[in-house]
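The values are calculated or read from the model by the stated rules, or taken from the named source; none is laboratory data. As the structure is a computational prediction, the values presented were derived from the model and not from experiment. All Cβ positions, even for glycine, are placed from backbone atoms using ideal geometry, and neighbour counts span all protein chains on display.
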Amino acid sequence: MLDYIETITDFLIENFKPSNPESANLKLTTRDLLALLFRLFPANCISDYELNDILIELNYKRFSYVVESYCEIQKDDRTIYEIRKSLEVGWCLKTELDLKTQEVERIT
């Protein structure tokens, strides 16, 4: 049987580096990071406790960071976008992949 703890550890080492909220280009909760891993590896092949141990062993730290979401609302007969902020606790990762947000105009 494949040792998924070792395999996932190797995958994380090869694809990510520990970071902080200011320089991370990927911020995920434990649940979200497990969801990402379970798209690559069999579902439930490791537990959240095992992932926590792996990340701490690889010198990752848990951080609190602000997450923004956008909501379209009607105000005074016009549509505006409200920026909602919430506090999240999770892992900050850095990857070489380009994950920058891009702005595009809507074509109607």
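Does residue 66 count as assigned to a strand (DSSP E or B) and modelled with pLDDT of 95 or more?
So residue 66 does not fit the description; no.
In the range 77-108, which residue that is polar (S, T, N, Q) and part of a loop (DSSP other than H, G, I, E, B) is modelled with the highest pLDDT?
This residue is 95.
Yes/no matrix, rows are residues, columns are (1) of a type in the set (Asp, Glu); (2) closer than 27 Å to residue 4 by Cα:
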site: 16; (1), (2): no, yes
site: 24; (1), (2): no, yes
site: 28; (1), (2): no, yes
site: 41; (1), (2): no, yes
site: 50; (1), (2): yes, yes
site: 53; (1), (2): yes, yes
site: 65; (1), (2): no, no
site: 90; (1), (2): no, yes
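Going through the range 6-54 one residue at a time, which ones are part of a helix (DSSP H, G or I), exposed (fewer than 15 other Cβ atoms within 10 Å of the Cβ) and of a type in the set (Asp, Glu)?
6, 10, 14, 32, 48, 53
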